[in-house]
Each structure stands twice: as structure tokens, then as C-alpha cells.
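As C-alpha cells, the structure follows; a few thoughts come after it.
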Ligand SMILES: [Ca+2]
């Protein structure tokens, strides 16, 4: 079944809600093919949207209650008047490429699968889009509430935006998240060109049975525990650990939803900088969804989300 360039790959039940999993057909020249995946993984995995558009149709889930805020201090978190980022954030400054092509040299999985993992990429990325100057602050780590050991989960685009705003920040745009992950050299993985077990990813013991129903185990790791899971800009855990809601800008095809979940989580998925999950609505929350915020520098207002 197809809508335009879309092929529907499956239907899954997630958190009691029905949603369609769709995947774009790989455009000509795209290095990474996509196809069907086991439904047990598709229920929680990343619908393949790399270099493509969002799901054209999806069923809505009821909006869950938003997570409580944890005594934020906007004055302490906002970028300084002198143009520097707060201590818990890093500065990202450079030229971002809007569209990138990578070539996989060696696959870990059957490359026909939609979430096939590439072991080794050719160490050269091709910018086939435009270069755009970006300068902003981004949280060094996924958000951890004061006093907690593990980063906050069960978040959504809506609750994440509220949490960031209460800190004087905002959700990152998708392109800001991409750039913080890949750097100007456009790495496929934040840590380089070869997939390595340096991030909280590729875990196989995913489920437990609760009252006869299969539920995801909580496999989060504390912020900073995996010191090598770091991007060229010094941002940690962009790949894996928790999926992170961002704003997909200019995406009329995604109307009325704006969310793009980035980086994947502890499950074996692509866990790279460019792929995004766009099949959920803005209220979707899950055990695997966390929050990371961005902030403008004075005079550098680049993102329309608030
Ligand atoms: Ca993450």
C-alpha cells in the first residue's frame, strides 16, 4: 500500500494507541536502503525517515499527563549577557549542511531492513544541500532532574518544550540537534565513522512481563557514564540512551505535528545523527523518551520554536 512515495510497513500497538509505521522509499542516490522489520521491534523503533518525509497518516493517541517540572531556575540557565552559554550547555558554532549523503562500507544487518545498522562508513560525507551558519547553546547531557540519578524519561514534545521553557531554554530544532551531533565534518555517528559500543545502544534484553503483558525494561544510564559517547562539539549521549524530541521546521507534510525524535535509545536501531522518528504526535511519551534543550545566544535568535 502506498501514498505517493510512501510504503506502509506495518501497524503496531504502542502504549495502548494505534499508529502506522511508514517508511519513505529511498531516493535515488541515497546510500542506505530501507525495508521491513520485525513488528516486535517496529513498535518502538525508529520509522525510517532519513532524507525523506514524515508519515503521511497516523492515528492519534490520547494525550498523557505531562511530567511535573522540577524547580527550574530560568535566571541561572539562560545564556549570559556576555554571549556565553550556561555551565551545563555547550556552544555550537559553525556551518551546517542541510542535506548529507553517507556511504556504508560494511553493514552489521541486512541492508534491506529499515533500521539496518552500518558498521563502517566511508570517512567522507557529501553535502548535497546548503551550508547554513548556526550558533546556539545546547545541553551537554540529557536532562536529569535535581537529585535524580537517571535522566528524566516519559517525556514528549509537549512536556519537553514546557520543561525547557521553564529553564529559560527551548527544544532544539532538528537541524540544531543534527549539527551538535555530527559537526561540520558531518559524521554519521556523533563519535565518528565506525559504529562502536560507546553509547547506550544495541541492548538486546529489552522486555519484561508485567501482569501478562510485555513491557519495555528501563535500561537508562546516568548522564556522562559513557564518556566516549560524545560529539565533536562535546555533547554527550546524543546517540542512544534516550530518544530526544526536537522541532522539525518547515515540515508542512507533518502537519499538525512538529515532533521529530532524535538519536534512538538503548534498543538496537540506527542511533545516528540524521535519522528521525516522525510517526508520533506531539503528546507521545514513552519510557525511552527524554529531553535535551537548546538556547539562543544574545542576538542569535535562529529558531522559531518557543
Ligand atoms: Ca539520547
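Readers should treat all values here as calculations from the given coordinates under stated rules, not as data from a laboratory. A quick note: this is a predicted structure, and the numbers were derived from the prediction, not measured. Here the Cβ is made from the backbone with ideal geometry for all residues, glycine too, and neighbour counts use every protein chain on show.
Rounded to 0.05, the FRET efficiency of the residue 255 and residue 149 pair, given R0 = 30 Å and the Cβ-Cβ distance, is 0.20. Between residue 88 and residue 218, what is the spin-label point distance in nm, taking each point 7 Å from the Cα along the Cα→C-beta axis? Label-label distance for residue 88 and residue 218, simple model: 1.9 nm.
Based on the Cβ-Cβ distance from residue 194 to residue 225, what FRET efficiency comes out when R0 is 25 Å, to the nearest 0.05? List each step's numbers first, then the result.
On the way: r = 21 Å, r/R0 = 0.85.
For residue 194 and residue 225, the calculated efficiency is 0.70.
Report the gain in length on full extension from residue 127 to residue 106: 0.36 nm times residue separation, minus Cα-Cα distance, nm rounded to one decimal.
Working: separation 21, 0.36 × 21 = 7.56 nm, distance 2.12 nm.
Once the chain is fully extended between residue 127 and residue 106, it gains 5.4 nm.
Please say if segment 176-294 is rounded, prolate or oblate, where rounded means a/c under 1.5 for a ≥ b ≥ c the square roots of the C-alpha gyration tensor eigenvalues, and otherwise the choice is prolate for a/b larger than b/c and oblate otherwise? Since a/c reaches 1.5 but b/c is at least a/b, the shape of segment 176-294 is classed as oblate.
Can you tell me, using C-alpha contacts under 8 Å and at least 6 residues apart, the relative contact order of segment 142-251 as a whole percent? Display every interim value, and only then the final one.
Values: 136 pairs, mean separation 37.4, N = 110.
Relative CO of segment 142-251 lands at 34 percent.
Here r is the Cβ-Cβ distance between residue 209 and residue 135 and R0 is 41 Å; the resulting FRET efficiency, rounded to 0.05, is 0.25.
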